[in-house]
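Peer 1: My questions will all concern the structure given below.
The values are calculated or read from the model by the stated rules, or taken from the named source; none is laboratory data. Computed from a predicted structure; not experimentally measured. Note that each Cβ is placed from the backbone with ideal geometry, even for glycine, and that neighbours are counted across all protein chains shown. What goes into the accessible areas is simple: the full protein's heavy atoms, side chains included, and nothing from ligands, DNA or RNA. Shrake-Rupley method; radii C 1.70, N 1.55, O 1.52, S 1.80 Å.
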Amino acid sequence: MTAQKSRRTAGQDGRNSRGRKAQEERLEGMKNYIEEIHRNTSGMSGKDKRNYILTYYWYHILGIAAAVSLILFLPVHVLFGMEKPEFTCVLVNQKIDYGRDREIGQAFADFTGKAPDRIEVDSDYYLSYGSVKLEGINESSYEKFFFRWRNQELDAVIMPESFYEYCKTLGGGYLDLGNFETGDLPLYEDGETFTAVRVEETGMKEYLLNETGERLLLVFPDNGRNQTECQEFLRFMDEL
């Protein structure tokens with residue numbers, strides 16, 4: 001254990017030493033640039049010095065400005081640029097069409113008064129499952145979908161009926177729409193519970209392409225976080 005700790009300490013010391021050396025080399029390089037500019041511009045007027053520096057050292061100035069910008073704005077992006085969406089709806093086995101996705105998101109944002117960049121609609125979920133084998137799929141879409149479901153990142157999903165059944169075999173559950181105001185929306189009954197909206201019988205069908213001939217269902221995963229927005233999405237669909 002002591003030997004392992006010594007090796008780790010030695011490795012860390014080596015990395016720290018290399019880091020300090022690299023920093024010293026950068027500082028030495030900057031010092032050399034400044035000294036070179038000072039030598040080459042001695043005796044020049046202020047205007048001539050500025051013109052000389054801009055002519056022969058513009059690429060260094062650009063590099064320094066880029067580095068400073070990265071230092072200043074990266075923490076801001078990390079801290080404030082990663083806000084979670086207020087509502088996420090994904091489309092399974094629809095044509096991947098980001099323009100259409102943005103159109104749906106914009107329409108829902110206009111309906112609710114929310115900022116469009118806080119609404120996520122994403123059709124990048126073209127996947128095979130069970131006995132359904134599709135061509136041209138992205139193998140990672142399957143893992144991404146169920147990873148996001150487990151992490152409570154999916155508020156709504158539009159899916160074929162066979163995928164609805166497949167998710168149930170994996171333990172997936174859906175919110176009971178009897179606990180929502182559904183207006184005149186056509187509901188899908190599973191046993192004695194209304195668990196989905198029959199999308200192809202709503203105005204949402206204008207955005208979708210049903211190539212399989214299966215029912216398309218809108219469901220709310222039962223571990224979703226934003227149920228208030230789910231209710232708003234139902235109202236939105238009811239008025240399409």
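Peer 1: Considering only region 125-145, how many residues are open to solvent by 30 Å² or more (accessible area, probe 1.4 Å) and either assigned to a helix (DSSP H, G or I) or not aromatic (Phe, Trp, Tyr) (or both)?
Peer 2: So the answer is 14.
Peer 1: Report, ordered by the first and then the second residue, all pairs with beta carbons closer than 8 Å, sequence separation of six or more or different chains, a first member in region 151-178 that is closer than 19 Å to Glu229 by Cβ and among the polar types (S, T, N, Q), and a second member that is in a loop (DSSP other than H, G, I, E, B) and open to solvent by less than 50 Å² (accessible area, probe 1.4 Å).
Peer 2: Gln152/Asn223; Gln152/Gly224
A quick yes/no check of all residues on (1) closer than 19 Å to Val121 by Cβ; (2) among the basic types (Lys, Arg); (3) in contact with a Gly (Cβ under 9 Å, 6 or more places away or on another chain):
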position	(1), (2), (3)
Glu161	no, no, no
Glu165	no, no, yes
Gly173	no, no, no
Glu200	yes, no, no
Met204	yes, no, no
Leu208	yes, no, no
Arg215	no, yes, no
Gln227	yes, no, no
Leu234	yes, no, yes
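Peer 1: Something else about it: With respect to Glu120, is the statement that it is modelled with pLDDT under 95 and out of contact with any helix residue (DSSP H, G or I) (no Cβ under 6 Å at 6 or more places or on another chain) true?
Peer 2: Answer is no for this residue.
Peer 1: Can you give me the number of residues within region 204-222 that are open to solvent by 40 Å² or more (accessible area, probe 1.4 Å), part of a helix (DSSP H, G or I) and in contact (Cβ under 8 Å) with a residue 24 or more places away in the chain?
Peer 2: 2
Peer 1: Another question about this same structure. Would you confirm whether any residue within region 134-145 is in contact (Cβ under 8 Å) with a residue 24 or more places away in the chain and over 22 Å from the mean Cα position of the chain (by Cα)? Reasoning before the result, please.
Peer 2: Quick first cut of region 134-145, residues in contact (Cβ under 8 Å) with a residue 24 or more places away in the chain only: 134, 145.
Now restrict to residues that are over 22 Å from the mean Cα position of the chain (by Cα): 134.
Checking region 134-145: at least one residue is in contact (Cβ under 8 Å) with a residue 24 or more places away in the chain and over 22 Å from the mean Cα position of the chain (by Cα).
Peer 1: Spot the failing condition for Phe108; the list is (1) of a type outside the set (Val, Ile, Thr); (2) in contact with a helix residue (DSSP H, G or I) (Cβ under 8 Å, 6 or more places away or on another chain); (3) assigned to a loop (DSSP other than H, G, I, E, B), and only one is missed.
Peer 2: If we test Phe108 against (1) of a type outside the set (Val, Ile, Thr); (2) in contact with a helix residue (DSSP H, G or I) (Cβ under 8 Å, 6 or more places away or on another chain); (3) assigned to a loop (DSSP other than H, G, I, E, B), just (3) comes out false.
Peer 1: Does Phe236 satisfy being open to solvent by 60 Å² or more (accessible area, probe 1.4 Å) and either under 13 Å from Ile158 (Cβ atoms) or modelled with pLDDT of 95 or more (or both)?
Peer 2: Spelling it out, it is not the case that Phe236 is open to solvent by 60 Å² or more (accessible area, probe 1.4 Å) and either under 13 Å from Ile158 (Cβ atoms) or modelled with pLDDT of 95 or more (or both).
Peer 1: Just need a number here: residues in region 161-187 that are surrounded by fewer than 20 Cβ atoms within 10 Å (Cβ to Cβ) and part of a strand (DSSP E or B).
Peer 2: 1
Peer 1: Same structure again: For region 179-203, enumerate the residues that are in contact (Cβ under 8 Å) with a residue 24 or more places away in the chain and either of a type in the set (A, V, I, L, M) or in contact with a strand residue (DSSP E or B) (Cβ under 7 Å, 6 or more places away or on another chain) (or both).
Peer 2: If the condition is that a residue be in contact (Cβ under 8 Å) with a residue 24 or more places away in the chain and either of a type in the set (A, V, I, L, M) or in contact with a strand residue (DSSP E or B) (Cβ under 7 Å, 6 or more places away or on another chain) (or both), then Leu185, Tyr188, Thr195, Ala196, Val197, Val199 are the ones that fit.
Peer 1: Right, here's the next one. Could you grab the pairs with beta carbons closer than 7 Å, sequence gap of 6+ or different chains, first residue in region 82-99 and closer than 19 Å to Glu229 by Cβ, second one open to solvent by 30 Å² or more (accessible area, probe 1.4 Å) and of a type outside the set (Asp, Glu)?
Peer 2: Partner pairs satisfying both residue conditions: Pro85/Arg118; Glu86/Lys114; Glu86/Arg118; Glu86/Asn226; Phe87/Asn226.
Peer 1: Sticking with this one: Within 28 Å of the chain's Cα centre (by Cα) and within 23 Å of Gln152 (Cβ to Cβ): which single residue out of Asn179, Asn223 fits that description?
Peer 2: Only one candidate qualifies: Asn223.
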